[in-house]
Each structure stands twice: as structure tokens, then as C-alpha cells.
Amino acid sequence: MKLPLYTAAATLIASPALAHLDPGTHGSLAAGLSHPVFGLDHILAMVSVGLWAVVLGGRALWALPAAFVGAMVLGYGAALAGMPLPAVEPMVLASVFILGLAVALAFAVPLGAAAGLVALFGVFHGHAHGGELGAAGALQFGVGFMLATAALHAVGVAVASLLARADIGTKVIRALGGIAALGGIWVALGG
């Protein structure tokens, strides 16, 4: 039972030491796939979406990740169209703290409210990705970060689903949410 706990903890605190992949060298799809996993703020928020989906259960297992990814596409499109969005980085950081806190407190809200909150944060994450497109091809880059985001949501769902079967699983899931929320504060403070 210790292996899932260590895996969950490592997933939530891991932060690659490399910068984003250069699309000229690795291709736009690879740059997009790598983009969300090279930022602790993105990792923590996206894994927290999966954790919270399990906490809420039922249709939230697919609805929360789908709401995030769908709204992220809208935010990405807005960035590509040159539409400004205020406070993108503060909202990305707020998403880490709030989503982690939702898991830590096992915040039970109606599915529509949870999906709406997750979607709101997805718009800001998508806009942030669009703002960092650089020389990458927009379609390939977008597909890449959507797939990576869905994979990070799946990691959160898988970890929480495994933990939920353990006697202390609920406490550990909530603790992971607390770690994510604290990680958001740490990133905000320049960590």
C-alpha cells in the first residue's frame, strides 16, 4: 500500500528541471505535450481536478476533466485571436490553491458548480498556453497540451481511485489536496 502513496506524493511534488521543448527541434506536438508538465502550477492544478473528480464521484469523474479541457480550448483560442484576458497568471496560481483546497476539504458542491469552477480555471490555463505558443504550430501544440492535460487529470483520477480503496484513502486524498494547495502558495511566493 505504500507504493501508491509514494507515487501520489511524487506526482504532486515533481517538477522537471528542463525548460519547455523547442518546437523547432522536437516538433510542435512534442512541445505541446511537454508544456503542462514543465510547470508545477499546471501539474498541481490538473492533478487536483482528477482528485476532486473522485472526491465528488459519479459523473464528476468525466465531467470535471472534460469541463477543464473544453474550457482550456476556449482560452487557448482567445489567446490565439489576440483577445486579452486579465490576471491570467494570478488565476492560474489561484486555481492551484482553490482546487487543492477543494480536495483537502472534500468540498461537495453540485456537479454544475464544480464543473463551472473547473471550466473557469481551464480558460485561464488555456490562455496561458496560448500566450506561450512561440514558434510552435498552433494546432499541433494545442493537441499536445490537451492530451497532456487529460493525462494529468487521469493521473489524479487513478491515484485517488486507488487510494479510495484503502482504509485511510480518504485522508490521504485530502492530504494530497492540502499539499497541492500549499504547493500553489509556494509557487506564488516564487518557489
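The values are calculated or read from the model by the stated rules, or taken from the named source; none is laboratory data. Note that this is a predicted model, so its numbers are computed, not measured. All Cβ positions, even for glycine, are placed from backbone atoms using ideal geometry, and neighbour counts span all protein chains on display.
Observations, loosely collected:
- Flag if V143 is out of contact with any strand residue (DSSP E or B) (no Cβ under 8 Å at 6 or more places or on another chain), within 23 Å of F97 (Cα to Cα) and surrounded by 15 or more Cβ atoms within 10 Å (Cβ to Cβ): no
- Segment 121-144 residues that are within 22 Å of A67 (Cβ to Cβ), paired with ones that are charged (D, E, K, R) (beta carbon under 8 Å, 6 or more apart): A128/E89
- Of all the criteria given as (1) hydrophobic (A, V, I, L, M, F, W, C); (2) without any contact (Cβ under 8 Å) to a residue 60 or more places away in the chain; (3) surrounded by 23 or more Cβ atoms within 10 Å (Cβ to Cβ), the one not satisfied by V159 is (2).
- Matching residues, segment 96-136, being closer than 20 Å to A160 by Cβ and either touching an Asp or Glu at 6+ places or on another chain (Cβ under 8 Å) or aromatic (F, W, Y) (or both): V96, F97, F107, F121
- As a summary of the residue check, A87 satisfies the conditions (1) crowded, with 20+ Cβ neighbours inside 10 Å; (2) at pLDDT 95 or above except for the one numbered (1).
- Residue satisfying all of: in segment 162-189; among the β-branched types (V, I, T) and in contact (Cβ under 8 Å) with a residue 60 or more places away in the chain; surrounded by the most Cβ atoms within 10 Å (Cβ to Cβ) among these: I173
- Residue check: A136 meets all listed conditions (1) aliphatic (A, V, I, L, M); (2) out of contact with any Phe, Trp or Tyr (no Cβ under 6 Å at 6 or more places or on another chain); (3) part of a helix (DSSP H, G or I); (4) surrounded by 23 or more Cβ atoms within 10 Å (Cβ to Cβ) but one, namely (3).
Yes or no, residue by residue, for (1) under 14 Å from the mean Cα position of the chain (by Cα); (2) farther than 14 Å from A45 by Cα; (3) not in a helix (DSSP H, G or I):
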residue	(1), (2), (3)
A94	yes, no, no
F97	yes, no, no
A113	no, yes, no
F124	yes, no, no
H127	yes, yes, no
G130	no, yes, no
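- Tabulated pairs, segment 63-87, first under 12 Å from A128 (Cα atoms), second crowded, with 16+ Cβ neighbours inside 10 Å and among the hydroxyl-bearing types (S, T, Y), C-beta under 7 angstrom, 6+ apart or interchain: M72/T149
Residues checked against (1) at pLDDT 95 or above; (2) out of contact with any Phe, Trp or Tyr (no Cβ under 8 Å at 6 or more places or on another chain); (3) among the polar types (S, T, N, Q):
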site: A113; (1), (2), (3): yes, yes, no
site: G116; (1), (2), (3): yes, yes, no
site: G122; (1), (2), (3): yes, no, no
site: G126; (1), (2), (3): yes, no, no
site: Q140; (1), (2), (3): no, yes, yes
site: A151; (1), (2), (3): yes, yes, no
site: V155; (1), (2), (3): yes, yes, no
site: R165; (1), (2), (3): no, yes, no
